[in-house]
Structure formats: structure tokens, C-alpha cells
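Written below as C-alpha cells is the structure these notes are about.
The values are calculated or read from the model by the stated rules, or taken from the named source; none is laboratory data. Here the structure is a predicted model, which is why all the values come from computation and not from measurement. Counting neighbours? That spans all protein chains shown, and the Cβs are built from the backbone with ideal geometry, glycine included.
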């Protein structure tokens, strides 16, 4: 498994954890919306391969019990809705190789999603406070 660390995530996590103690459902629902936005954007940015296997492997996995949200791309068949083929090349499409320019579809999608995150969380916080 490959992990990518985004600058500023530690600070964002601290803020979210503090808010989640007081408003757990609002923060979780905002994070789910953020994950879905990242998924949607990643599917739009992923344009190099026309088999749609990589696109269909991009999926959001909310875990209501643990209040976590994960967005994945690539991997084994069955990760995303309608995915039937293994997509072990996703990492090469994202980061490139010496022969392939990086596509950065997940990186760009995460940037868009994380910019929208405060609005998603604020929407649910406003519902709770009414």
C-alpha cells in the first residue's frame, strides 16, 4: 500500500478531531461529502486510459461505525462499483514512470475536495445548531 502525506493534514486532523468530539455526525457527514467530491473529481481527471477500469476502481468507503472515510483508486477487482478487472497500474498513472508523465488525478481531486471540505462540514454544523 502506498500512503501519500499532504502538507497541512496533521493540523486539519487536529481541528476535525476537536470538532468531532462535539459534533461527531456533522463532521462525519461533511467528510463523506468530501470523499464523494474527491471521487467525482478523480473520475473526471482520470482521462488517459479508455477502458474505464481505473475510473470504476475509484470509490469512496465511508465507515459509519468508526466515523472514517477513505477514497481509493486501483487495486483488486471489486473495489469500486462495476469494477471487474484488477487495476494494479493506478499508481503508475498517478505518479508516472520514466516513460509516462504523471497524471496526478487523485492529487488534483484531493486538492479540490479538501478546499470544499469546510463548506460541507459547515452545512451540517448549521443544521445541528438550528
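Hey, any hits in the range 22-43 for a residue that's touching a residue at least 12 places away in the same chain (Cβ under 8 Å), outside any helix (DSSP H, G or I) and surrounded by 11 or more Cβ atoms within 10 Å (Cβ to Cβ)?
Checking the range 22-43: at least one residue is touching a residue at least 12 places away in the same chain (Cβ under 8 Å), outside any helix (DSSP H, G or I) and surrounded by 11 or more Cβ atoms within 10 Å (Cβ to Cβ).
Would you please name the residue that is nearest to the chain's Cα centre (by Cα), looking only at residues in the range 35-58 that are farther than 15 Å from residue 94 by Cα and modelled with pLDDT of 90 or more?
Here the residue is 35.
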